[in-house]
Every structure is written in C-alpha cells, then in structure tokens.
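**Q** Here it is, the structure in full.
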Amino acid sequence: MPPPVSLRTIVYIDGFNFYYGVLKNTPYKWLDLERFYTLLRPHDRIQTIKFFTSLVHPGPHRLRQDTLLKALRTCAPMVEVILGRLQAAHRSRQVPLQLLPVAQLPARVPDGAGGFIEKPTEW
C-alpha cells in the first residue's frame, strides 16, 4: 500500500465560533492549535493557521482575549491572528414562504452579486 499523500494545508479558524462552539462553558480556555491540527491531520503539511477574530468590548472579557491573542502571537509561530471588526446583529423581518409551481417560476432571478441565475431547462 502506498504511503498517504502529504497535502500542503492552510487551516482557517473562525475565533468566535471556535470559542462559543468548543471552549465556552468548559474549564478549557487554551488549546495548542499547532499540535491539535498536526494530530488531527497527521499526513498533511500544515503551512499556517489563520485565526480570524475581532476584539470584544473593553472589560474583563477583553483582558482575557488580549491574553489569548498575545499568547498566540508569542508562543505559536505558525498561527497568524487576523483581526476584523464585529458587526452589530441586524434584525430581518420574516417573509412568508411562497412556493410556486415550476411553470410559474421566472426565467431568471437576481443572484445578489449583480448577475442573474437562469432557470434550469430541465428539473
């Protein structure tokens, strides 16, 4: 059996989802990201780990976050911290779902990026 293929890999981490999905409400607040992903993907060659987050509001949470980010920058050379900015949640109104028979569907609809999505010729 041939050896497994070694893939060059870049890891992308959403810091908020990582915290709220993995660490919050646990006694664990630190994870050696380099070791974790090396163990998770033993045959891959991890090139870099990109940790995306934004700064929380000043206060005790911010002090803990600053400590984490400083530790990542100092102790984890493979981890690149990328700061964004937190957007306030926007509320949307609920729109009732209206299902149309295929024959009533428009020939094309806007795709939200300035283009259009064409109706398939076959379903």
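**Q** Restricting things to alpha carbons, find the Rg to Rh ratio for segment 1-67 using the Kirkwood radius for Rh.
**A** On the way: Rg = 15.2 Å, Rh = 14.0 Å.
Value, to two decimals: 1.09.
**Q** Taking R0 as 25 Å, what FRET efficiency do you get between LEU39 and LEU86 from their Cβ-Cβ distance, rounded to the nearest 0.05? Intermediate values should be presented prior to the final figure.
**A** On the way: r = 31 Å, r/R0 = 1.24.
That pair, LEU39 with LEU86, gives E of 0.20.
**Q** Let me ask another. Picking from VAL56, ALA89, MET78, whose Cα lies most toward the positive end of the charge dipole for segment 31-94 (charges on Cβ: Lys, Arg +1; Asp, Glu -1)?
**A** Most positive-ward Cα: ALA89.
**Q** Checking a compactness column here: for segment 31-91, what do you get for Rg(Cα) / (2.2 N^0.38 Å), N being the number of residues? The partial results should precede the final answer.
**A** On the way: Rg = 14.1 Å, N = 61, 2.2 N^0.38 = 10.5 Å.
With N residues counted in segment 31-91, Rg over 2.2 N^0.38 Å equals 1.34.
**Q** Related question: How much of the DSSP bridge set in segment 1-93 is antiparallel, in percent, rounded to the nearest 5? Could the numbers behind the result be given before it?
**A** Values: 0 of 13 bridges.
Bridges in segment 1-93 are about 0 percent antiparallel.
**Q** Residues with beta-carbon under 15 Å from that of LEU7, excluding LEU7: net charge, scoring Lys, Arg +1 and Asp, Glu -1? Please list the in-between numbers first.
**A** Working: positive: ARG8, ARG41, ARG45; negative: ASP44.
Charge balance in the 15 Å sphere: +2.
**Q** Under 18 Å between alpha carbons, and skipping anything fewer than 8 positions from LYS50 in its own chain: which aspartates and glutamates qualify?
**A** Straight-line reach from LYS50, under 18 Å: ASP14, ASP32, GLU34, ASP66, GLU80.
Since every read-out is calculated from the coordinates, none of them should be taken as a lab result. This structure is a prediction, so every number in the text was calculated from the model and none was measured. Here Cβ is always computed from backbone atoms with ideal geometry, including for glycine, and neighbour counts include all displayed protein chains.
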